[in-house]
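Working notes, beginning with the structure itself.
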Amino acid sequence: MGLEIVEPNACIRGCCRSSSIPLHLPPSSYSLISPIARGAESVVYEATLYGQRVAVKKPVLSTSEDLDKFHKELQLLCKLDHPGLAKLVAAHAKPPNYMFFFEFYASPNLADKLHIEEWTPDIDQVLIIAIHLAKALQYLHNLGILHRDVKPANILLDKDLNPHLTDFGLAEFKKDLRKVSVENWRSSGKPTGGFHKKNMVGTLIYMAPEILKKEVHTEESDVYSFGVSINELMTGVVPYTDLRAEAQAHTVLEMNYTEQQLTAAVVSDGLRPVLAGPESGAPSPLLSLIQRCWDGKPENRPSFNDIVFELGSILGERERTQGPVVLGRPPTSLGDQTTDVASNVQSFQEDINWSTQGELFSKRACEVDSSMTIWLDSFDDPSYHPILSSGSFATCGRRESMEDTHFLMPYMCNKTDIHVFGIFDGHRGAAAAEFSARALPGFLQALGCLSSSPADALTKAFVKTDIAFRSELDSYRQSKRASQKDWHPGCTAVAALIVRNKLLVANAGDCRTILCRGGRPFVLSRDHVASCLEERERVVKAGGQVKWQVDTWRVGAAALQVTRSIGDDDLKPAVTAEPEITETILSADDEFLVMASDGLWDVVSNAEVISIIRDTVKEPGMCSKRLATEAAERGSKDNITVIVIFLRPVSTAERIY
């Protein structure tokens, strides 16, 4: 890009230097346009740099350790120059903004190409992508660098579908890893679909057996991940699943194996993804190479020098028999319409803004007069009035995508005595949660002038949101003629409605709400899961199927653990959207309300939540973040969303101490 470098060209600490990459930029030189990807530890934006289109990776820097990682990654990136690696063109390594600027690749990453656009490459395209990727890893290993997170989601594609390996947040020099002994190695918990950024790193379904046994990462561990990734490129199937949709990978993993069982099967039983079959057109030497790459014994795996040589030989043989092989654009398996179909499928799952669709339903519902005075008129003016302050915090945690959404709506319809809050925990994608967070408040407002009972309005709002979402999803399936007809996203939901001194909690699923009353937790919702006998019997009576699968009771072919949700149209009517409602009269003994998705409750008990808030500065946003952070540190495997609502003023001393 030929950017001007201003000396001294160094980071704020002086530990990162480059003769070709600017490490500090004037604020006027760049502009962040919109986020294009979000992870647990960074957000990637489409941006411009001196008028040129770039991708900006902006890490989340919460601690000094995070800042150390930024400088470490920058030092490594400044040393790299290879066509098979995502190219760093600039960085901003001074406060307040720390950012990496990369070349922009218009095509999606390889995972999205396979599992959203449902691209099926021919065997020549597989070979060319494989050899380019192998050369990039060969280059890294020759420099003594281990990538440690090779997978399709970290392989970017340019307009000609050439691969570029990216995400060096976990990369390490081998000499530095040698300093880590197994004896002093302590991982931060069991491996998950995300990754631990200490010693046990990577993504579970691509992790080599030795890493799962907590041994030190080596070049052979990258080879293993490479083999799994190339097999996925040929089959179009997420490892250890039978689906082409990566958004559902964690659901299927939970259905077939717990993480501990999958780890044991990979390490002890030699479990591997299903190898590509004859229908893929793969030559037998390529299939043999993949099997050697994922051999259980690291010493039996080939080096990338060997892999590049073997892939070159296989490709050379095909060129001798079939003529020159060119990567280019993907061929069509459905005639000339393939590009359009792929585009439609991507629009169907990604480009449709489900939040916007929910907002449209909300606005239409609110076209009626929703003054809500009927609720206030039906309540006597109480002697006690709660004084609210609220805050929230949400994080995708160890998951690589965020499927939770939430809303805070104090002073609903400008009424000082009416407040509503909600959390929606998505599964099989985020669509249902994104839609519901916008649509449900609108339905509730519209019902406020029609229903004499707030409880009745809450119930109807849940049901109407469910019907609206399923109708909208179905209409998009038909209008977009999407090839993926079996996409059935859903979400659990919890909403808290406060009318004067009356608190109503509506719950469908396994989000939870507790009230701190007199210093103790008072549970206001019940988890709707198949392991609950009452819920199990209700599902069966409604025509649903409940089976014991692996480790717990699950509903239907989707193996859903929850028994109530919005969406999940393949499981209706057994998995109902009708919420269970509790009503509580608030008093001066009530201190605060905590609402959260199951990512918190899986690892933090009700009593511990109360204790943590008592030990935190009494600001609701800060308390929410403290709880979510605690859950993540304890190894929560899920997205985490927390809302804290204080019900009475907090003294200055209490805020400080």
Over the range 1-125: Rg over Rh, Cα atoms, Kirkwood Rh: 1.00
Looking at the range 531-657 from every direction and averaging, what is the projected area of its Cα convex hull in nm²? 9.8
The range 30-103: Lys pairs at Cα distance under 17 angstrom, eight or more positions apart or on different chains: 13
Can you work out D for the range 380-510 in µm² s⁻¹ from Stokes-Einstein, where Rh is the Kirkwood radius over C-alpha pairs, the temperature is 20 °C and the viscosity is 1.002 mPa s? 133
Cβ neighbours within 10 Å, averaged per peptide: list 432-444, 132-144, 294-306 in order, most packed at the top. 432-444, 132-144, 294-306
Whichever lysines have a C-alpha closer than 24 Å to that of LYS415, once near sequence neighbours (fewer than 8 apart) are set aside: LYS363, LYS460, LYS464, LYS502
Where the centroid of each part is defined by its Cα atoms, how far is the range 1-52 from the range 508-586 in Å? 47
Kirkwood hydrodynamic radius, the range 30-103, all distinct C-alpha pairs: what's the number in Å? 12.8
Quick one, what does Rg over Rh come out to for the range 464-555 if you take C-alpha atoms and the Kirkwood Rh? 1.08
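Since every read-out is calculated from the coordinates, none of them should be taken as a lab result. Keep in mind it's a predicted model, so treat the numbers as computed, not measured. Cβ sites come from the backbone with ideal geometry, for glycine too, and all protein chains shown count toward neighbours.
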